[in-house]
Amino acid sequence: MNRQGQEDRGNSSEMGTLLEGGTILVVDDLPENAIILKQFLEPMHFRIDAVKSGEEALAYIAETPPDLVLLDLVMPGMSGFDVCRELKSNPATRHIPVIIITGLTDREANVKAVEAGADDFLIKPFDRVLLMARIKTSFRTKRLQDALLSYQQELEERVRERTREVEKTREIAVFSLARLAESRDTETGDHLDRMRRYVRLLGEEMRNWGRYEEFSNPRYVEELFLSSPLHDIGKVGVPDKILLKPGKLTPQEFDIMKTHTLI
């Protein structure tokens with residue numbers, strides 16, 4: 001085997017390891033161009049799919065996002081520029097690498113493709129070694145981006161789980177304090193339960209008024225609902241002889257009772 005053959009075989013093996021199972025979508029209105037790319041790329045362990053128009057490409061990608069798009073620029077209907085802009089403006093597809101392969105040789109087309117969000121630009125007839133290098137770089141970058149996205153999603157889930165734990169702990173603490181008041185005054189305990197329901201009903205009703213922006217957030221209403229049992233918690237500091245007095249309070253006792261809002 002000559003040196004060139006050894007290099008091709010080594011490159012193919014490296015690409016197969018890096019890209020095994022990877023999908024490349026070829027977008028070109030000329031079937032012969034797609035056939036050339038498929039014949040070149042399939043031996044490297046790619047799955048190659050091809051479509052003939054920009055509209056077909058977007059429909060395909062929406063259904064089955066590929067790992068890489070090889071995109072022609074000049075096609076009937078939707079141009080490659082438009083396809084690239086559409087992909088890069090969509091959060092769900094902007095991470096997919098797009099390599100332009102076109103017969104346009106002018107600098108303006110190159111600049112326009114980059115402005116549309118293309119990750120790379122090759123001119124037909126393409127150099128096989130150069131195309132292989134660009135594909136390898138694009139796939140390596142995407143694999144890193146996918147790993148980063150997966151890690152980010154994992155961190156976000158951990159944060160959500162921790163937040164739920166903190167909220168549950170806070171809710172338990174609030175109810176423990178509320179039940180402390182209830183243990184000293186059954187009437188107060190019933191009152192706490194009523195107040196929670198009233199707060200939620202009033203909060204939901206005020207959301208419909210549109211005058212108070214904070215009530216438009218369901219989370220705000222829920223926070224009020226969860227924290228409302230604390231409004232009378234200061235009664236734990238009121239002496240039993242006043243808190244549990246069956247008759248009318250004296251003016252002095254009433255002044256002491258009113259201090260529960262400050263505790």
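Is it true that Lys248 is assigned to a helix (DSSP H, G or I), charged (D, E, K, R), free of Cβ contacts under 8 Å to residues at least 12 places away in the same chain and more than 18 Å from Arg196 (Cβ to Cβ)?
no
Quick one: is Thr141 over 26 Å from the mean Cα position of the chain (by Cα), more than 21 Å from Ala50 (Cα to Cα), in contact (Cβ under 8 Å) with a residue 12 or more places away in the chain and exposed (fewer than 15 other Cβ atoms within 10 Å of the Cβ)?
Answer is no for this residue.
Can you confirm whether Val74 is in contact (Cβ under 8 Å) with a residue 12 or more places away in the chain, more than 24 Å from Ala147 (Cβ to Cβ), β-branched (Val, Ile, Thr) and part of a loop (DSSP other than H, G, I, E, B)?
Answer is yes for this residue.
Looking only at the stretch 102-131, how many residues end up being β-branched (Val, Ile, Thr) and either in contact with a helix residue (DSSP H, G or I) (Cβ under 6 Å, 6 or more places away or on another chain) or surrounded by 19 or more Cβ atoms within 10 Å (Cβ to Cβ) (or both)?
Matching residues across the stretch 102-131 total 1.
Looking only at the stretch 193-218, which residues are more than 33 Å from the chain's Cα centre (by Cα) and either basic (Lys, Arg) or outside any helix (DSSP H, G or I) (or both)?
Selection gives Arg194, Arg196, Arg197.
Being modelled with pLDDT under 80, assigned to a helix (DSSP H, G or I) and among the β-branched types (Val, Ile, Thr) is the requirement here; does Val221 meet it?
For Val221, the condition - modelled with pLDDT under 80, assigned to a helix (DSSP H, G or I) and among the β-branched types (Val, Ile, Thr) - is not met.
For Lys136, state whether it is assigned by TED's automatic domain parsing to the domain that holds Val26, surrounded by fewer than 15 Cβ atoms within 10 Å (Cβ to Cβ) and either touching a residue at least 40 places away in the same chain (Cβ under 8 Å) or in contact with a Pro (Cβ under 7 Å, 6 or more places away or on another chain) (or both).
So Lys136 does not fit the description; no.
Residues of the stretch 76-101 being within 25 Å of Arg128 (Cβ to Cβ) and crowded, with 21+ Cβ neighbours inside 10 Å, which ones?
Gly80, Val83, Cys84, Pro97, Val98, Ile99, Ile100, Ile101
Filter the stretch 224-245 down to residues that are part of a loop (DSSP other than H, G, I, E, B) and either in contact (Cβ under 8 Å) with a residue 40 or more places away in the chain or touching a strand residue (DSSP E or B) at 6+ places or on another chain (Cβ under 8 Å) (or both), then give me how many there are.
Qualifying residue count for the region: 1.
The values are calculated or read from the model by the stated rules, or taken from the named source; none is laboratory data. Model, not experiment: these values are computed from the prediction. Don't worry about glycine lacking a Cβ; one is built from the backbone with ideal geometry, like all the others, and counts go over all protein chains shown.
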